[in-house]
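Below you'll find the structure, written out as structure tokens, and then a few comments.
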């Protein structure tokens, strides 16, 4: 991998964790995973997904396995969706973001139900909406930056 | 002479202030650098002073008897999509002797308890989380209840306080220690409102936590004095350790009756009807079954070719005992 791309993914990881601290409940690394699946070799999303999985598992309050389900479902949605849509289409990202927001709401609810936890539903709803809105916007920004990295064939 | 001196001073001053600027620029640059350095040092010192003040407050926290405290730094608040609970992360984990359910306090009062562990970090469940419930007692009127979290930016509720129980607004709620997680007497919250809710048997009481979650930077973990000596504690539910025994004999956690047999097997005998003492008014217990008669030896001449036969014969006494017991049981009923 080119050094510019290594720097890009490292900075994305740092910025994502920082933003997750500012806006808790929202996954800022998920758009990066989709972008890696679209633009990089298959080994890159596997490595990034593995690292980010441990970050999410360690920082969250759910038992181990919640992150695997989360990123597994995201990858599944992407692979299912890109048979039906153009993978780099912004509309597809809007739909994927909406699905991710709904999945956040359902997923946390189910996990809390299984563990007999009470959760604050109002906040969960707000987080789901935030996730649905932030995902396509962040993906668009990352897509533009990634295509202007030095050495990229799309770069002017 | 004086006017001459005055003129000389004025001229020299005019020369040095307005005309002779050799080295002024370099001196200016150097002073600016020194000023930047001093500003940074001042900011660092202010930060240190603030930290010292916070740590001093934590050190001023007097742990209850048989408890010790250890300060921990908060390294992150809620973070990521899986942060469903009101939690934060601290920089102490199982490698520092932290165990699940260990109390976490601030100089103002109870903050929460340890929810889960890793070797170098621990997740703390705040008392404001809806899954947190702490038995408390009001400091002045000694009214008991359970404090329950209601979520972020919401006040806590005090549950199960009967109508008519004395409690006042502004009263501090302290831990009662009934759940054996928190030591008794730690301040938890302050009562803000008291009311009624319809036909409920209990009062509707709200209380404000004594800390602001987002402003916390350091907290103190409370260790049981004997647990703090062990550097690595098992990651399990807290178990109240027994007090040190003067003798070296191992202490059994199972309480056995004084007339119990020393071996394990005869304890089964306690379940037999003969061993259970009669309840008052139920009369005498049914008689204990007589010892089983020993089977008569089977003559080898009768059936020499069937080795399994003696076993069958041996079972027979048990069957006969069963039949003999059955009517005795019906009599007892």
| residue A:112 is checked against (1) under 23 Å from residue B:149 (Cα atoms); (2) not in a helix (DSSP H, G or I) and fails just one. What number does that condition carry? | (2)
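Take residue B:55 and tell me if it is surrounded by 10 or more Cβ atoms within 10 Å (Cβ to Cβ), closer than 30 Å to residue B:185 by Cα and at pLDDT below 80. Spell out how you get there, then give the answer.
Values: surrounded by 10 or more Cβ atoms within 10 Å (Cβ to Cβ): yes; closer than 30 Å to residue B:185 by Cα: yes; at pLDDT below 80: no.
No: the conditions fail for residue B:55.
Restricting to strands (runs of 3 or more DSSP E) lying wholly in the stretch B:1-119: which have 1 or more residues that are under 29 Å from residue A:58 (Cα atoms) and free of Cβ contacts under 8 Å to residues at least 12 places away in the same chain? Even if it seems obvious, please write down each step before you answer.
Values: elements: B:67-76, B:87-90, B:103-105, B:110-117.
Of the strands (runs of 3 or more DSSP E) lying wholly inside the stretch B:1-119, none has at least 1 residues that are under 29 Å from residue A:58 (Cα atoms) and free of Cβ contacts under 8 Å to residues at least 12 places away in the same chain.
Based on this model, can you work out whether residue A:32 counts as in contact (Cβ under 8 Å) with a residue 24 or more places away in the chain and more than 10 Å from chain B (Cβ to nearest Cβ)?
Working: in contact (Cβ under 8 Å) with a residue 24 or more places away in the chain: yes; more than 10 Å from chain B (Cβ to nearest Cβ): yes.
For residue A:32, the condition - in contact (Cβ under 8 Å) with a residue 24 or more places away in the chain and more than 10 Å from chain B (Cβ to nearest Cβ) - is met.
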| remark: Checking A:47, A:70 in turn, the sole residue that is over 22 Å from residue A:140 (Cβ atoms) and in a helix (DSSP H, G or I) turns out to be A:47
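Every residue in the stretch B:144-154 that is in contact with a strand residue (DSSP E or B) (Cβ under 7 Å, 6 or more places away or on another chain) and either touching a residue at least 24 places away in the same chain (Cβ under 8 Å) or not in a loop (DSSP other than H, G, I, E, B) (or both), please.
Start the filter on the stretch B:144-154 by keeping residues that are in contact with a strand residue (DSSP E or B) (Cβ under 7 Å, 6 or more places away or on another chain), which leaves B:144-150.
Of everything in the stretch B:144-154, those that are in contact with a strand residue (DSSP E or B) (Cβ under 7 Å, 6 or more places away or on another chain) and either touching a residue at least 24 places away in the same chain (Cβ under 8 Å) or not in a loop (DSSP other than H, G, I, E, B) (or both) turn out to be B:144, B:145, B:146, B:147, B:148, B:149.
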| task | Select, from B:130, B:135, the only residue that is closer than 18 Å to residue B:205 by Cα, surrounded by fewer than 22 Cβ atoms within 10 Å (Cβ to Cβ) and within 14 Å of another protein chain (Cβ to nearest Cβ). | result | B:130
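Out of the residues in the stretch A:69-104 that are within 11 Å of chain B (Cβ to nearest Cβ) and over 20 Å from residue A:36 (Cβ atoms), state the one that is surrounded by the fewest Cβ atoms within 10 Å (Cβ to Cβ). Reasoning before the result, please.
Going through the stretch A:69-104, the residues within 11 Å of chain B (Cβ to nearest Cβ) turn out to be A:69-71, A:74, A:100-101, A:103-104.
Applying the additional criterion that residues be over 20 Å from residue A:36 (Cβ atoms) yields A:101, A:104.
On the way: A:101: 21, A:104: 26.
Result: A:101.
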| For residue B:123: the one exception among (1) under 14 Å from the mean Cα position of the chain (by Cα); (2) buried (at least 22 other Cβ atoms within 10 Å of the Cβ); (3) under 15 Å from residue B:182 (Cα atoms) | (3)
| request: Check off (1) within 14 Å of chain B (Cβ to nearest Cβ); (2) within 14 Å of the chain's Cα centre (by Cα); (3) at negative phi; (4) surrounded by 15 or more Cβ atoms within 10 Å (Cβ to Cβ) for residue A:51 and give me the number that stays unchecked. | output: (4)
| said: The conditions are (1) within 30 Å of residue B:122 (Cβ to Cβ); (2) modelled with pLDDT of 90 or more, and residue A:66 fails exactly one of them. Which is it? | reply: (2)
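The values are calculated or read from the model by the stated rules, or taken from the named source; none is laboratory data. Predicted model, so just to flag it, every value in this text is computed and none were measured. All Cβ positions, glycine included, derive from the backbone under ideal geometry; neighbour counts span all protein chains shown.
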